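See below for the structure under consideration.
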Amino acid sequence: MSFKALRATLPAIAAIVLLGSCVEQPRKMTSQEKESIKPFILTSKPVISHPLDVNLENHVLLLGYDLKPDGPIKPGQSFTITFYWEVKKPLDEGWMLFTHVEDATNAPRINADSDGVIRKHYPPGKWQQGEIIKDVQTINLPSTWDSPTATVKVGIWFGPHRLQVLSGKKDEDNRVIAAVLKTTVKAKDIQVVTLKVPRAGGPVTIDGKLDEEAWKTAVSSGAMKAPASGGKMLPETSFRIMWDDENLYVGYDAPDDHLHCTLTKRDEAIYEQDAVEIFLDPDGDGKNYYEFQVCPAGTIFDSFLPAYRKNQNEWNASLQAKVVIDGTLNNKDDVDKGYTAEFAIPFKDLENAPSTPPKVGEKWKANFFRLDDAKGGKKAWAWSPPGNNDFHNLAKFGVLEFVGDEPPASETEAREGDKPAETPVVAEPLKMKKLPLAGGKAKMIAPLKKAPVKDKVK
């Protein structure tokens, strides 16, 4: 749900929240906290290196920002951005600041809402009329950053509301576009994961076993990675893929010590438990695409999406998907070994495909994921890491290239130039919840993908 829609549908709730904020006694700052904020409350306007003219609902003006270093930022490097806010009219207790950093595809990558002394001890709900607030934030650009720009978006939020941006540059979600910072990443450094998909070397029976001779001709993805960091994920998970004139065949090998899927009806939210997933955008337009899943119980989820996260779950493909498990389903007291899953996705069901069957040399955009409701916490794997936990980040999909009978090795190609070196890191298990983008759309829900998504806007 958009911010505007949410705001329009929650006036009663908002009134209750605002009323509560008026009668609730705010926590008093300690003497140490009062001392810590003194250097950040100014009485006169400073000279600002990057002036802005942003009016937030006649309550607060964003005067501009300073930046260090004031030049291209290297992945792995920190930058300090200092915002200057002028208080024209005090706000009620409870209003807070947010900062989001997005890449060149508008994908959310960093949440810096709580970074800095002002964010921790002196939020907008405490500001006094006439003050000029020096809001200093030091933000680290991850070493995995792969975008030529980093766009910093800010604002002031409370519950489902944001102060409206009356003047100044903003996005469709009413966030101030404060700065578009250049990075040292060049187009030639941006990688696209690619698989050259061979034709099947024989017939395939969809039974979940992956034991036909044809699977020996399939190409392997290699070890899948952590969605956000691109780092190593354990246990190693991979898939194999091939095609013939009728179907695209995908076979998953998923080691798993706790097989969990209690859902048995088609299109139930199996992505909240254990599942393997396939996303296909055949024409690569980043608009209309398909989602296919199966869980260890054999339950299928399939959906057509005419636009980003606009799931039409009533759409059903004539696909086949079967699973074979090695263990006991839904039993936490034993140790399972895992499962294999086998898909046959008919080309005739993919209406936006450039041709059916694909022509040799044809390229499709796609991505592949695995979700695991493990004993030690929820985890996820990705073939082409989206750089965040948004599995619907179509800009980060990889490429399937349909080739002839010879099964080539899997490969990663740069768009142009040489491929940079990559140092994998061990990823922490993901908590499958919405990324707490205070003040923003929670776009980065790994498992909660069923659309339309009613995002919590803070």
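Values in this text are rule-based calculations from the coordinates and carry no lab data. Since this is a predicted model, take the numbers as computed values, not measurements. Cβ coordinates were reconstructed from backbone atoms using ideal geometry, including for glycine residues, and neighbour counts include every protein chain displayed.
Of note:
- Highest average packing first - 112-119, 377-384, Cβ atoms within 10 Å: 377-384, 112-119
- For the pair region 31-95 / region 155-208, the C-alpha centres are spaced 27 Å from each other.
- Taking amide hydrogens as placed 1.01 Å from N in the peptide plane, the amide H of Arg109 sits under 5 Å from those of Val101, Glu102, Asp103, each at least 5 positions away in sequence or on another chain.
- Antiparallel bridges, percent of DSSP beta bridges restricted to region 191-414 (to nearest 5): 90
- Computed from backbone phi, the HN-Hα couplings of region 120-133 come to 7, 10, 9, x, x, x, 10, 5, 10, 4, x, 6, 10, 9 Hz, rounded to whole numbers (Karplus: 6.51 cos²θ - 1.76 cosθ + 1.60, θ = phi - 60°; Gly and Pro given as x).
- For region 311-373, alpha-carbon Rg relative to the globular expectation (2.2 N^0.38 Å, N residues): 1.57
- Hull-based mean projected area of region 3-186, where the convex hull spans the alpha carbons, in square nanometres: 11.1
- Ratio Rg/Rh [Cα only; Rh per Kirkwood] for region 364-408: 1.12
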